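S.K.: Take this structure, written in structure tokens, and hold onto it; I'll ask about it next.
No lab work stands behind these numbers, since they all come straight from the coordinates. The structure presented is a predicted model; accordingly, all values stated were derived computationally and were not measured. Cβ sites come from the backbone with ideal geometry, for glycine too, and all protein chains shown count toward neighbours.
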Amino acid sequence: MPVIMGTAGHIDHGKTTLIKALTGIDCDRLKEEKKRGITIELGFAFLDLPGGARLGVIDVPGHERFVKNMVAGASGVDFVLLAVAADEGVMPQTREHLEICTLLGIRRGLVALTKADAVDADWLEMVEEDVRGSLAGSFLEDAPVLPVSAHTGAGLDALRAAIAELAARTTAARPADLFRLPVDRVFTMRGHGTVVTGTLVSGRIAEGEEVVLFPGGARTRARGLQSHGQPVTEAPAGRRTAVNLAGLEVEDVARGQVLARPGTLFPQTLWDVELTALASAGRDLKHRKEIHLHHGTREVLAKVLLLDREALRPGETALCRLLLPEPMPGVYGDRVVLRSFSPLRTIAGGRIIGPHGRKLRRGDQGALARLRALADDDQQAVLAAQLALAGPEGVSLAELRTMCALEARALERLMQQMCSQGAAYLVDKDERTHVAGEVMEALMAGALERVAAFHRAEPMKQGILRGELASSWGRGLSERLAHFVVERLVRRGELVAEAETLRLPGHSVSLAADALRLRTALEDAYRQGGQTPPNLKDVLEPLGVTARDAAPVLRLLQESGELVKVKEDMYFHAPALEALRARVVAFLEEKGEMGAADFKTVSGLSRKYLIPLLEQFDKERLTVRVGDMRVLRRKEK
């Protein structure tokens, strides 16, 4: 996989001149840069290595006023070439650039002792010793320090060889299938339109592909590609790449945006980060402090939210949150750099561990434990923590890719393994949404407790209706998730489903002695009443029971199918009502229609029962009223 080398170092220490001597390419392209003799913007070149490989080179500004441009370029770098002028030695921006590279996770590099022709041998030896002392404890502690002169060419061959050897040993850890190109330049080319350039930090892009700019969501197409000045049909990660965007004007694009495929990035306003304050920061980083945040090629004003302390002291590392001014796309492991307002200098940096920050209470120890797990090297532990933090909302596979930076196949294998272990559940096959095992267990326990509470409150009901369970326990859950939980409990035998009613396996309607006597009395009264049932009041008064007290028993008799409520306080014994239905059907099949008088003749009942019963048969969809007559309702096919 191609790699990128970036420069670093103090202003006027010869970075740009050295790159021109190595590559033949002048990275200072702006008129103001040529006039002032300093690098202001990022410059780009390439170096052909032995064996035919081509190394991308990013030249960064050294002036303190342009550190933000330096960070934008260094964000895509795999190893660094630190330039230190032999006639000046280590200077303030040398140190700050080195700190920025450390915070960006750069772990390899080498040192060019530039302008070696400007000093004598004793001075050169002394400066080299001073440089090595300054690099002690840094990632460049054991890096080669090579004296060079861009003017005389001395040392350039040795430097090229060292660069080639380091490039061969450098492996960039980039997901091969998550295309991201942070934009660092936007311009117009005559005959082509809008072009953006950047370091392709992961994935690859092919000519003609549909792409999206984040944030903003503007859709476009890669009309053409160039890499290292040559047209290409496809560009892999680690390449400096120019993309000709179809249908967009220069004003539609800005440095800091990220080019990606549709549906692969998910901008958020809250990131969880593992943050380290530089030992040289000089002062504490306080809770809710506003800072300059650098991520990729973008700089914004953000707030630092400390989760377990009031201040982050120099040299300390802690889990923090970044509150962003607008949704920004991040990926697990992305590096961030923080700079203070006054004095304007680098104070901290670290990596994103939660690009989808969730709401949590400050000091919540459970949430803090999960956030700490996100900083783990165990991929399954990271996934489990991400799922747990997502809660019942769950996470799609596409989102999980940005939350763990795994390639799609590796992620799918790991998720299948977690699902087989009960550590995760696939709750929505269409959206490929997963919920943590611990979240699912909590949801199932909550559903069972709600059903148990219903049984305690309504002991004479067979169970709770599905809709009632969903509107109480399931409030706030997606319909699919609530259904998934219930069906899983049914499959496990922890819930029993009877049509639309749900109950616990051990639940059966049990009546106390008084209720049992009342049930027997009601059954007997309505059985004896037959087709001319008694008034409910007449049944209850001799028993000394109120209608309110009798309501649960009456409801139970209806649920069990022994009584049918025709209207308020009018109940029929089910077999008696069934006999009346049979007479009505027989009459209508012979005569075709029936009036109230016909029903009276057929049933022998008084008007007190006739009309309520006719309306009951209509309600049951046995008959339908046509004027003053009833006819059989046709059965729907």
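S.K.: Sorting check: for 157-168, 8-19, which peptide has the highest mean count of neighbouring beta carbons within 10 Å, and how do the rest follow?
M.R.: 8-19, 157-168
S.K.: Right, another one. Using the Karplus curve 6.51 cos²θ - 1.76 cosθ + 1.60 with θ = phi - 60°, what ³J(HN,Hα) values do you get for each residue of the range 241-249, in whole Hz, with x for Gly and Pro?
M.R.: 9, 10, 10, 8, 8, 7, x, 10, 8
S.K.: What is the Cα convex hull volume of the chain when expressed per residue in Å³?
M.R.: That works out to 224 Å³ per residue.
S.K.: Separate question: For the range 525-637, what log10 I(q)/I(0) values come out of the Debye formula at q = 0.12, 0.15 1/Å, with one point per alpha carbon and no solvent?
M.R.: The Debye formula, applied to the Cα set alone, gives -0.46, -0.68.
S.K.: Now for a different question. 7 Å from Cα along Cα→Cβ at both Glu441 and Glu589: what's the point-to-point distance in nm?
M.R.: Once both label points are built, they end up 6.0 nm from each other.
S.K.: Please report, in debye to the nearest 20, how large the charge dipole of the chain is about its Cα centre when each Lys and Arg carries +1 at its beta carbon and each Asp and Glu carries -1 there.
M.R.: Here the size comes out at about 1920 debye.
S.K.: While we're on this one: Too long at a 25 Å Cα-Cα cut-off: which of Lys567/Lys591; Lys461/Lys537; Lys429/Lys461; Lys537/Lys567; Lys461/Lys565?
M.R.: Exceeds cut-off: Lys567/Lys591; Lys429/Lys461.
S.K.: Using Cα atoms only, what is the angle between the long axis of helix 379-390 and the major principal axis of the chain, expressed in degrees (0 to 90) to the nearest 10?
M.R.: Orientation of helix 379-390: about 50 degrees from the principal axis.
S.K.: If you count the DSSP beta bridges with both ends in the chain, what percent of them are antiparallel, to the nearest 5?
M.R.: 85 percent
S.K.: Using alpha carbons only, how many degrees (0 to 90, rounded to 10) separate the axis of helix 408-420 from the longest principal axis of the chain?
M.R.: On a 0 to 90 degree scale, this one is about 40.
S.K.: Return the whole-Å distance between the Cα centroid of the range 380-451 and the Cα centroid of the range 574-617.
M.R.: A separation of 59 Å, based on Cα centres.
S.K.: In addition: Would you pull out the residues with amide H under 5 Å of Val336's amide H, same chain only if 5 or more places away, H placed 1.01 Å from N?
M.R.: Sorted by chain and number, the residues that satisfy this are Gly350, Arg351, Ile352.
S.K.: Which whole-angstrom value gives the distance between the alpha carbon centres of the range 267-324 and the range 171-241?
M.R.: 30 Å
S.K.: Search the structure for amide H atoms under 5 Å from the amide H of Val3, placed 1.01 Å from N in the peptide plane, and list their residues when 5 or more places away or on another chain.
M.R.: Placed amide hydrogens put Gly56 under 5 Å from Val3.
S.K.: Ok, one more. What's the ranking of 192-202, 464-474 by average number of surrounding C-beta atoms within 10 Å, highest first?
M.R.: 192-202, 464-474
S.K.: Moving on to the next point. Can you order the peptides 558-570, 345-357 by their average number of other Cβ atoms within 10 Å per residue, highest first?
M.R.: Highest-to-lowest ranking by the protection proxy: 345-357, 558-570.
S.K.: Could you tell me whether the range 180-260 comes out rounded, prolate or oblate from its Cα gyration tensor? Rule is a ≥ b ≥ c as square roots of the eigenvalues, rounded for a/c under 1.5, then prolate if a/b exceeds b/c, otherwise oblate.
M.R.: It comes out rounded by the Cα gyration axes.
S.K.: Contour minus end-to-end for Lys286 and Ser471, with contour as 0.36 nm per residue of separation and end-to-end as the Cα-Cα distance?
M.R.: 62.2 nm
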